[in-house]
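Before any comments, here is the structure.
The values are calculated or read from the model by the stated rules, or taken from the named source; none is laboratory data. Everything numeric here is computed off the predicted structure, so don't read it as measured data. Cβ: placed from backbone, ideal geometry, glycine included. Neighbour counts: every protein chain shown.
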Amino acid sequence: EANRIYNFNPGPATLPLPVLKEAQAEFLNFRGSGMSILEISHRAKEYAAMQAEAKADIKELMGLGDDYEVLFMTGGASTQFAFLPLNFASKEHPGSYVLSGSFAEKAYKEAEHLGIGEIVASSKEGGYRHIPTQDELKIDENAAYVHLCYNNTIYGTEYHYIPDTKGVPLFADMSSDMLSRPIDFSKFDFIYAGVQKNLGPAGVTLVVAKKSFLEKSPEKLPTMFKYETFFKKDSLYNTPPAFNIYMVGKVAAWIKSEGGLAEMAKRNKKKADRLYGVIDASNGFYRGHAEKESRSFMNVTFRLPSEELEKTFVAEALAQGLGGVKGHRSVGGMRASIYNAMTYEGVDKLASFMEDFQKTHA
Ligand code: PMP
C-alpha cells in the first residue's frame, strides 16, 4: 500500500496487511448476515461460529488439548494483574513474581497491594538488562503460582527458557510475544495477553489456561472478576468485544496459513538478527540495552551516542517511512518493535537506514 509506513510501534502495532484488507472487504456484511460485525448480536449463529473458530485456531497453534480453555476478556493485561492474585493467591499461598521489567513489576504490585505477593527474583538492579536465570530463582514451593512476564516490551528482553518451578503452577504474561514462536505451552498453567501487539486491536485480553484453574473461583469475588464466569459462559456472560475477537481470529488464521509458529519464529529470528547485527557491528555507535543472552525477538532496544542524535534519528527515520522507533521514556533511546506482522522488508529498510545514519553521524 503506497501510503502506509513501516510501523515499529510497540502496541497498538502493525497488523498483517491481508488481515486488514479482508476485514475491510467484509466490513459491511459479516458472513452473509447483512450486518457488520460491529452490528451483529453476540448470540447470532454467525458470531458463534467465528468465536469457536478463533478459539480452535489459537489452541491448535499452541498445540494444546482439551485440558486448556481459551477465554476472551476485557480490561487489558493490566486487569489480569489484579485478577490473578484475587482469584488464586492467599496469605497462606502467596503469588510469587519474577521481576524482569516494568510490567512484571506492575503485576507484582497488585498482589503486594493485597498483601499476598512475594518476589522470586529480580533483575531491576542494573536496569532490567537480563532475564533472571534458573539459578537466580528462589522458588517458594508453598506459592499459589510463579508469575513471569515472558517478553519485556519496554526493556527488550525475553525468556529463552522455561523455568523449573518445582511443581508450583507457572503463570505468564505473554502480551508482547504471544504466538511469535513455538513454546511448550503445556508447561504453563495460565497464559494471558493484551492482544494489541501480535494478535489484533486493543480491547480484548486473551486468556489460555488449564480448565482446572478456570472452573471454580472464590465465592466472594464480584461476578465479572471470576474466571469461572467467563469459563462457564464461553466468554459470553456479557457482551464481548466482538470486533476485536473477530480480528484476533483473523490474525490466528493468518498465522496458520503462513506456516504456524515455527514459520513465525524463523521470520522473527531473521528480522531480529538483522537489527542486532547492525548494533553489534557498529563499534559502540549503537548500544543495545539487553544483555545478549536475554535479547528479545520482538522489541529491539538501543541507544545512540547522544540524546540529540536520538532526536535526529527519530525524525530522519520517519521521513523515510519508518515510524514508531522512539523508545519508552523510562529507558530512553530507540525501540524497534518487530512483531509477527512486521515484514523482513521493513526491518531491512530500518537496518540499512541505521547503517547509513552511522556513516553520516559517527
Ligand atoms: N504486559 C506487557 C508485557 C505489555 O507489553 C503491556 C502493554 N504494553 C501490558 C502488560 C499492559 O497491557 P494492557 O495495556 O493491555 O493493560
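Candidates in the range 172-208 are the residues that are farther than 17 Å from Asn7 by Cα and basic (Lys, Arg); of these, the one that is nearest to the ligand (Cβ to nearest atom) is Arg181.
Do we find a residue being in a loop (DSSP other than H, G, I, E, B), among the charged types (D, E, K, R) and either more than 16 Å from the ligand (Cβ to nearest atom) or at pLDDT 95 or above (or both) anywhere in the range 243-253? Can you show your working first?
Quick first cut of the range 243-253, residues in a loop (DSSP other than H, G, I, E, B) only: none.
The answer is no; no qualifying residue exists.
Taking (1) within 16 Å of the ligand (Cβ to nearest atom); (2) within 24 Å of Lys266 (Cβ to Cβ); (3) assigned to a loop (DSSP other than H, G, I, E, B); (4) not charged (D, E, K, R) in turn, Tyr128 satisfies each apart from (2).
In the set (1) closer than 18 Å to Glu69 by Cα; (2) of a type in the set (A, V, I, L, M); (3) in a loop (DSSP other than H, G, I, E, B), the condition left unmet by Ile191 is number (3).
Out of Ala253, Ala336, Ala317, one residue alone is surrounded by fewer than 22 Cβ atoms within 10 Å (Cβ to Cβ) and at negative phi. It is Ala253.
Tell me yes or no: at least one residue of the range 1-8 is within 16 Å of the ligand (Cβ to nearest atom), touching a residue at least 24 places away in the same chain (Cβ under 8 Å) and not assigned by TED's automatic domain parsing to the domain that holds Glu110.
Let us first name the residues in the range 1-8 that are within 16 Å of the ligand (Cβ to nearest atom), namely 7-8.
Of the ones still in play, those that are also touching a residue at least 24 places away in the same chain (Cβ under 8 Å) are 7-8.
Filter once more, so that each one left must be not assigned by TED's automatic domain parsing to the domain that holds Glu110: 7-8.
Within the range 1-8, one or more residues are within 16 Å of the ligand (Cβ to nearest atom), touching a residue at least 24 places away in the same chain (Cβ under 8 Å) and not assigned by TED's automatic domain parsing to the domain that holds Glu110.
Taken together, Lys311, Lys269, Lys349 contain a single residue that is at pLDDT 95 or above and either within 26 Å of Tyr159 (Cα to Cα) or hydrophobic (A, V, I, L, M, F, W, C) (or both), which is Lys269.
Considering each of Ala44, Ala121, Ala77 in turn, give the residue that is crowded, with 20+ Cβ neighbours inside 10 Å, of a type in the set (A, V, I, L, M, F, W, C) and over 19 Å from Ser176 (Cα atoms).
Numbers: Ala44 fails: crowded, with 20+ Cβ neighbours inside 10 Å; Ala77 fails: over 19 Å from Ser176 (Cα atoms).
The conditions single out Ala121.
All of (1) surrounded by 24 or more Cβ atoms within 10 Å (Cβ to Cβ); (2) within 16 Å of the ligand (Cβ to nearest atom) hold for Ser102 with one exception: (1). For Thr74, indicate whether it is farther than 21 Å from Lys232 by Cα and touching a Gly at 6+ places or on another chain (Cβ under 9 Å). No.
Residue count for the range 131-157 under the criterion of being assigned to a loop (DSSP other than H, G, I, E, B) and within 16 Å of the ligand (Cβ to nearest atom): the result is 7.
In this structure, is Ala144 over 30 Å from Met264 (Cα atoms) and modelled with pLDDT of 95 or more? So that I can check it myself, show each step before the final result.
Values: over 30 Å from Met264 (Cα atoms): yes; modelled with pLDDT of 95 or more: yes.
So Ala144 passes the test.
Per the conditions (1) assigned by TED's automatic domain parsing to the domain that holds His42; (2) more than 20 Å from the chain's Cα centre (by Cα), the sole criterion not satisfied by Gly249 is (2). If the condition is being more than 16 Å from the ligand (Cβ to nearest atom) and of a type in the set (Val, Ile, Thr), then the range 52-99 contributes Ile58, Val70.
When Ala319 is tested against (1) farther than 23 Å from Glu158 by Cβ; (2) in contact with a strand residue (DSSP E or B) (Cβ under 6 Å, 6 or more places away or on another chain), exactly one condition is not met: (2). When the criteria are applied in full, Tyr155 meets the requirement of being surrounded by 22 or more Cβ atoms within 10 Å (Cβ to Cβ) and more than 19 Å from Pro85 (Cβ to Cβ).
Against the criterion of being modelled with pLDDT of 95 or more, within 16 Å of the ligand (Cβ to nearest atom) and closer than 30 Å to Arg129 by Cα, Thr165 does not qualify.
The rows are residues; the columns are (1) at pLDDT below 95; (2) assigned to a helix (DSSP H, G or I).
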| residue | (1), (2) |
| --- | --- |
| Met264 | no, yes |
| Gly332 | yes, no |
| Ala341 | no, no |
| Glu345 | no, yes |
| Asp356 | no, yes |
